[in-house]
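Okay, so here's the structure we're looking at.
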Amino acid sequence: MYNDEHNLYHYTYRRDGSEVTPPAADDYQPAQRPVQEMKPVKKNRTGLKITALALSCALLGGGVGGGVVWAATNHGGGAPQNAPVLRNDAVSSGDAASTVKLNRVDGQTLLTDAEVYAANVDSVVAINTTGTATTSNGFWQTQQPTSGAGSGFVLTPDGFIATNYHVISGAETVKVTFYNGDAYDAEVIGGDEDYDIAVIKVEAENLQPVTMGDSTLLNVGDRVLAIGNPLGELTFSQTGGMVSSVNRAIDVEGVPFNMIQTDASINPGNSGGPMFNQYGQVVGIVSAKYTNTSSGASAEGLGFAIPINDVAAMIQDIMTNGFVTNKAYLGVQAMSMTQQIASQFRYDITEGLFISAVDKDGAADKAGIQMGDVIVKVDDHEIKTMADLTIAKKQYRAGDISTVTVYRQGETITTELTWDAVPEDQQIQQEETQQPQNGNNGQYGNGYTNPYDLFDYFFGNRGW
């Protein structure tokens, strides 16, 4: 799916380590921020889902919760006692450039582009990774070294840093470099692939954290800025543009996301870096770019960032626990319904989520969902494919209650379901299996004969 020619959205680097070759307001209420020398309540806006585009992947080895006392309270449930709480009152530790007026990020003061840069450049880092990729030519496998580049930003003075999951996924070493040249080896604390967020940690003190803003206040036409590490060489570059769209629904290499669209220049290496509003606050995490259409026509000015409000509480969770503890979990193994499955089981529907197994005492089991059922709706969300379920799940947390519509033996029934949390052992297992590789190492060949073999072949028994 990652190299599907029909899926044009990608991260800034491919997961196998190869680079993507590009074709021939005043209502904001931000918090406080530093200055420096230049060196899920859902909105009712509906994203237009793009299915025929492609983005480039910004990391090779393959969170932001900064400042989020706000995030913990706004997304239900505070952080556990003694948890590393992100600050929103960062103060600059460096000297300001003589030509730039120094301003604190106070949530009240509009800053010039130069002032946003001076206030935040010490909080942005360049990330470089190394790893090993497994390749196969059909007869034997070989391992090749890989390297990657991305960006990140400081969450706390003691070294927690947010970035994209795809930036550090499968990395064997992660090195972080600051604007002043200081470099540190980083530890991967954890991340979540479905939301493309991760948290790493360096052993340092008195770092300058960013200040978090409110991405729900963004409007089309608002000015936004990105600081990052484009191409892995042009470190600490700032680009600017406007918000082109909010709540834009896109598929990035097969994974559905809700994104902020911008015409600010986004390039390989920018992934994981911060997107700032005009008050100098982080409102998004740069994640992906659009490269070209299926017809081969090139595209310009199409970059995307993850809204900070969508992931802030989850990043705080990763900082505390190493993974997202309240991520919604259905407790089934499933696959998109197909004509082949419909014919084999003599069903009169060809769309939905075919249930191939149900976890004992899981959310689906307690709701009465059975193996062989086809989920066709969750609340008001139509479920036609696995991607539809992924999109719907992102709007729930463990403990939320939904009405699920199921097709069973020619009839349509509804049942009430209380979402579970993803089991910790599955979280750990998924992290351990996320290694960069080129080629399919599935245990089933192309000779599968039933939907259960097909599910295992494509999804590796991953639970939902």
Has the stretch 147-168 got any residue that is over 24 Å from Pro209 (Cβ atoms) and surrounded by fewer than 19 Cβ atoms within 10 Å (Cβ to Cβ)?
yes
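Let's see how each residue does on (1) open to solvent by 10 Å² or more (accessible area, probe 1.4 Å); (2) more than 24 Å from the chain's Cα centre (by Cα); (3) among the hydroxyl-bearing types (Ser, Thr, Tyr); (4) farther than 15 Å from Val176 by Cα:
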position: Asn120; (1), (2), (3), (4): no, no, no, yes
position: Ser123; (1), (2), (3), (4): no, no, yes, no
position: Phe139; (1), (2), (3), (4): yes, yes, no, yes
position: Gln144; (1), (2), (3), (4): yes, yes, no, yes
Quick one: how many residues across the stretch 210-239 are under 18 Å from Ser151 (Cα atoms) and open to solvent by 30 Å² or more (accessible area, probe 1.4 Å)?
7
Taking the residues in the stretch 178-193 that are surrounded by fewer than 18 Cβ atoms within 10 Å (Cβ to Cβ) and at pLDDT 95 or above as candidates, determine which candidate is nearest to the chain's Cα centre (by Cα).
Glu187
So which residues in the stretch 250-273 are within 13 Å of the chain's Cα centre (by Cα) and assigned to a strand (DSSP E or B), if there are any at all?
Ile250, Asp251, Val252, Val255, Pro256, Phe257, Asn258, Met259, Ile260
Scan the stretch 208-235 for residues that are in a loop (DSSP other than H, G, I, E, B), closer than 19 Å to Leu302 by Cβ and not charged (D, E, K, R) and jot them down.
Leu218, Asn219, Val220, Gly221
Report yes if Ser336 is open to solvent by 20 Å² or more (accessible area, probe 1.4 Å) and either closer than 29 Å to Leu234 by Cβ or hydroxyl-bearing (Ser, Thr, Tyr) (or both), otherwise no.
yes
Tell me the residue from Thr390, Thr405, Thr449, Thr418 that is under 24 Å from Thr338 (Cα atoms) and at pLDDT 90 or above, please.
Thr405
Exactly one condition in (1) open to solvent by less than 30 Å² (accessible area, probe 1.4 Å); (2) modelled with pLDDT under 85 is false for Ile260; which is it?
(2)
Which residue, of Ala305, Ala387, is within 30 Å of Ile161 (Cα to Cα), touching a Gly at 6+ places or on another chain (Cβ under 9 Å) and open to solvent by 10 Å² or more (accessible area, probe 1.4 Å)?
Ala387
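The values are calculated or read from the model by the stated rules, or taken from the named source; none is laboratory data. This structure is a prediction, so every number in the text was calculated from the model and none was measured. Glycine gets a Cβ as well: all are built from the backbone with ideal geometry, and neighbour counts include every protein chain shown. Note: accessible area is taken over every heavy atom of the protein model, side chains too, but ligands, DNA and RNA are not part of it. Shrake-Rupley method; radii C 1.70, N 1.55, O 1.52, S 1.80 Å.
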